[in-house]
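Visitor: The structure under discussion is supplied below as C-alpha cells; questions concerning it will follow.
Just so it is clear, none of the values below were taken in a lab; they were calculated from the coordinates. In this text the structure is predicted, and so the values were computed from the model without any measurement. In this analysis, Cβ positions are derived from the backbone assuming ideal geometry, glycine residues included, and neighbour counts consider all displayed protein chains.
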Amino acid sequence: MLTSELDYSLPPELIAQHPVIPRDLSRLLVYNRETREMRHRRLPGLLDYLNPGDVIVYNDSRVLKARVHVFKETGGRVELLFLRRRQERLWEALVRPSAKLKSGSRLSAAAPAAAGMDAPHFMLEENLGGGRWLVRNLSGAGTEQLLEQVGEMPLPPYIKAALAEPERYQTVYARAPGSAAAPTAGLHFTPELIGRIRSLGVDLLPLTLHIGLDTFRPISETDLGLHRIHKERYRLPAASYEAVVAAKERGGRVLAVGTTSVRVLETVFQDPSRPLEGETGLFITPGFRFRAVDALLTNFHLPKSTLLALVMAFAGVKEIRRLYQAAVQEKYRFYSFGDAMLLL
C-alpha cells in the first residue's frame, strides 16, 4: 500500500483548538461496516449501539507533564520532551535544539544565575539520533514527581491555543502515569456516561499503553510496508483479558476505545503465548486480521499516520476515505480535541 493513500485534505479551521464542554457533547459519526450505513449523532448516542454482555476496553494511561524548559550552563534555552522511561532516573527524551549538545552536558530547570542545589538538574547521557537523548535525572525527586512540579502538558503542535485546564487533556479514568500524549478517544467520556453504560449491563475494562510521540509521527516512506513503528509499553490486566475472552465466548462484542486499546488487544490475542505485559511494536495496516476487536470508537486522525492506517484496516480504505470526506463536509472537528467516530 502506498502511503499517499492515507492522505486527505482538511481545512485548517476544522482542527479543534479547544475541548468541548461537557466532554460528551462531541459529535459522533456512526458507521455500520455490514450495511455501510452512516449516521450523525452525539456521544451519548453510543448507548443505542450497546447490548448487555458487550465489553468496552479503554486505555487508563495518564499523560505526564512531559515538556520541560531547561537551561544550558551557558544560559541557552533547551526544551526536553520526556518520551519513555528506561530506568528509574533514566528517560528517553526529545531535546530541542540538540545540534550542539554533547554527552555529559548538564541542564537546569532554572537560569544559571538562580540554579542552586535545589533546582532540578538533568544530564545528557547518550545521543540516540534524531534529536533523541537518554537523559538522567540528577535531582532528589523521582522523575515523574519532578515533571508534575516543573513540566507542562505536551499538547500536539497543531493545537495553538493555550489550555486553561490541563486536566482536559486527561481522560476521567486516567490512572497510570507514563504517556507523552493522551489516548484521545477517551476524552469524550464523563462519569455520568460511564454510569449509564454500566447500567446497560456493559462492563468497562482497563488496559494500559503508554503513548509515545511516534504514534502520531507522519509516515515518511513512500511504501507503507517500509515504515517501522516504535515500541511502546503495555499492560493488559488478567481480569480484563479474562473478561474479553468470556465476552467473546458468550457472543458479546468487544468495543475498543481508541487505537491504543486496539493495539494492546490485538498484540495479545494474535499470539496466545504473548505475555500480558511488555512492549509492542504492532503496526496494523489494511489486510490485518482482527482477532479481538469487534467495534471501535476513535477520533479523526492526521493524514499519513499509523493511526489512520489502523482505522482503514478496520473499516476499509475506500470506506474510511468516504467517511472522512463526509466528516469534512459536515464540519466535524478533527484531531485530539475533535469529534469521534464509532465503527461497528
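Visitor: At a 10 Å Cβ-Cβ cut-off, how would you order S179, S261, S199, fewest neighbours first?
Guide: Details: S179 28, S261 32, S199 9.
So the ranking, lowest neighbour count to highest, is S199, S179, S261.
Visitor: Then there is this: Mind giving me the nanometre distance, one decimal, between the label points for L25 and L47, set 7 Å out from Cα along Cα→Cβ?
Guide: For L25 paired with L47, the spin-label model returns 1.9 nm.
Visitor: Here is a further query. Net charge around R321, counting only other residues with Cβ within less than 11 Å of its Cβ (Lys, Arg = +1; Asp, Glu = -1)?
Guide: Working: positive: K318, R322; negative: E5, D7, E319.
Here the charged neighbours net out to -1.
Visitor: Using a Gaussian network model on the chain with a 10 Å cutoff between Cα atoms, which of R136, R175, R289 fluctuates the most?
Guide: Result: R289 has the largest fluctuation of those listed.
Visitor: Separate question: Order these by the 10 Å Cβ neighbour count, fewest first: E277, E88.
Guide: Numbers: E277 13, E88 10.
The most exposed by this proxy come first: E88, E277.
Visitor: Moving to a separate point now. Out of segment 123-228, which GluC sites (Glu not before Pro) are coil in DSSP terms and have no more than 12 other C-beta atoms within 10 Å? Intermediate values should be presented prior to the final figure.
Guide: Working: sites: E125, E126, E144, E148, E152, E167, E192, E221; in loops: E221.
Listed in order of number, the matching sites are E221.
Visitor: Could you calculate the contour length gain from E330 to K102, that is, 0.36 nm times the residue separation minus the distance between their Cα atoms, to one decimal place in nm?
Guide: Values: separation 228, 0.36 × 228 = 82.08 nm, distance 5.03 nm.
Extra length from E330 to K102 when fully extended: 77.0 nm.
Visitor: Counting only DSSP beta bridges with both residues in the chain, tell me the antiparallel percent, nearest 5.
Guide: Numbers: 44 of 63 bridges.
That works out to approximately 70 percent antiparallel.
Visitor: Computed FRET efficiency, Cβ-Cβ of L14 and H69, R0 30 Å: what is it to the nearest 0.05? Could you put the intermediate results ahead of the total?
Guide: Details: r = 31 Å, r/R0 = 1.02.
In this case the efficiency is close to 0.45.
Visitor: Picking from R67, R253, R198, which is most flexible by a Gaussian network model of the chain using Cα springs under 10 Å?
Guide: R198
Visitor: Quickly rank 200-211, 154-165 as a protection proxy: mean count of other C-beta atoms within 10 Å, highest first.
Guide: Put in order of decreasing packing, that is 200-211, 154-165.
Visitor: For labels at Q87 and A141 in the simple 7 Å Cα→Cβ model, what's the distance in nm?
Guide: Placing both labels 7 Å along Cα→Cβ, they lie 2.2 nm apart.
Visitor: If you take every DSSP beta bridge whose two residues both sit in segment 67-150, what share of them, in percent to the nearest 5, is antiparallel? Each step should come with its number before you reach the end.
Guide: Values: 27 of 27 bridges.
Counting only bridges with both partners in segment 67-150, antiparallel ones make up about 100 percent.
Visitor: If R₀ is 30 angstrom, what is the calculated FRET efficiency for the pair M38 and R250, using the beta carbon separation as r and rounding to 0.05?
Guide: Numbers: r = 29 Å, r/R0 = 0.98.
That pair, M38 with R250, gives E of 0.55.
Visitor: Quick one: net charge around R27, please, counting Lys, Arg +1 and Asp, Glu -1 for every other residue with C-beta under 12 Å from its C-beta. Could the numbers behind the result be given before it?
Guide: Numbers: positive: R39, R41, R42, K331, R333; negative: D24, E330, D339.
Local charge sum for R27: +2.
Visitor: Treating cross-link reach as a plain straight distance, find the aspartates and glutamates whose alpha-carbon is under 15 Å from the alpha-carbon of K248, omitting any fewer than eight places away in the same chain.
Guide: Filter leaves D54, D203, E266, D294.
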